[in-house]
Every structure is written in structure tokens, then in C-alpha cells.
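S.K.: Please read through the structure below; I'll follow up with questions.
The values are calculated or read from the model by the stated rules, or taken from the named source; none is laboratory data. Since the structure is predicted, the reported quantities are computational estimates derived from the model, not experimental observations. The protein model used for the area step is the full one, side chains on, heavy atoms only, and it has no ligands, DNA or RNA in it. Shrake-Rupley method; radii C 1.70, N 1.55, O 1.52, S 1.80 Å.
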Amino acid sequence: MYDLFSDFFDGFDLFMQPVTQKEERKCPICGHTYSDFRRTGKIGCGECYNVFRSPITETLRRVQPSSVHKGKIPSKSGEELKLKRKYETLKQKLSDAVKNEDYETAAKLHKQIREIESEVKKS
């Protein structure tokens with residue numbers, strides 16, 4: 001005779017077993033986990049940046065406007081460093097504009113770069 005509930009209870013014993021948590025990925029060098037980073041705010045070692053790159057980047061994006069460290073500029077040499085940063089930023093933008101074949105923007109950026117170069121030569 002066919003048992004009406006036999007199919008219903010197949011595999012029911014799986015639900016009665018204790019739930020095991022999925023093991024969290026660990027850094028192969030230091031053994032830290034992403035949960036460790038979230039709890040302490042500190043990375044265990046340099047390899048952690050590679051292992052947890054995606055979630056760390058996402059977390060940093062929520063916390064601060066940029067994932068690139070810009071640091072602070074000392075007041076004594078501030079103008080020179082600001083000019084250098086501007087120059088490097090313009091060079092990168094110029095490179096991107098040329099890649100994207102945006103020659104009008106590239107020409108404007110090139111002009112700004114030449115102005116900075118002439119300022120540096122005067123100094």
C-alpha cells in the first residue's frame with residue numbers, strides 16, 4: 001500500500017540536524033577573516049588585501065568618499081605638493097582622454113599640463 005506522507009517526510013531528517021555555519025574564508029598567510037577586519041578595523045597582513053579585496057573595497061566606499069589614500073599635505077611644502085598632485089592627476093586624465101579619443105578634452109588638459117610645467121621651470 002502507498003504511504004501518502006512518505007514523500008513528504010523524505011529528507012526531513014536533514015532539517016533536524018544542527019545547522020553548521022559555512023566556514024568563512026581565511027587569509028592563507030595570517031589566518032584573519034573578513035569578520036576580523038569588520039570587528040577590529042584592521043587588516044592582518046598584506047595578503048589580506050588580495051584575499052578580501054572586494055568586500056574591503058565595498059566597506060571603504062561606504063565609509064569614505066575614495067578608496068585611494070591621498071594623505072595630508074604639510075603646510076610648509078603644501079603648494080609644491082598640491083601642484084605636483086594636480087600635475088599627476090592631469091597626466092592621468094590626459095591619458096584617459098586619449099584612450100577614449102576625446103581629443104578636445106585632451107587638448108585642454110595638455111595646455112594645463114604645459115602651464116604647470118612652465119610654473120615649475122620659473123621656480
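S.K.: Pick from segment 108-123 the residues that are among the charged types (D, E, K, R) and open to solvent by less than 100 Å² (accessible area, probe 1.4 Å): which of them is modelled with the highest pLDDT?
M.R.: Restricting to residues being among the charged types (D, E, K, R) and open to solvent by less than 100 Å² (accessible area, probe 1.4 Å), the top hit is Glu115.
Per-residue answers, yes or no, for (1) modelled with pLDDT under 75; (2) open to solvent by less than 60 Å² (accessible area, probe 1.4 Å):
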site: Ile43; (1), (2): no, yes
site: Arg61; (1), (2): no, no
site: Gly78; (1), (2): yes, yes
site: Ala106; (1), (2): no, yes
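S.K.: Would you be able to say whether some residue in segment 3-16 is open to solvent by 100 Å² or more (accessible area, probe 1.4 Å) and modelled with pLDDT of 85 or more?
M.R.: Within segment 3-16, none of the residues are open to solvent by 100 Å² or more (accessible area, probe 1.4 Å) and modelled with pLDDT of 85 or more.
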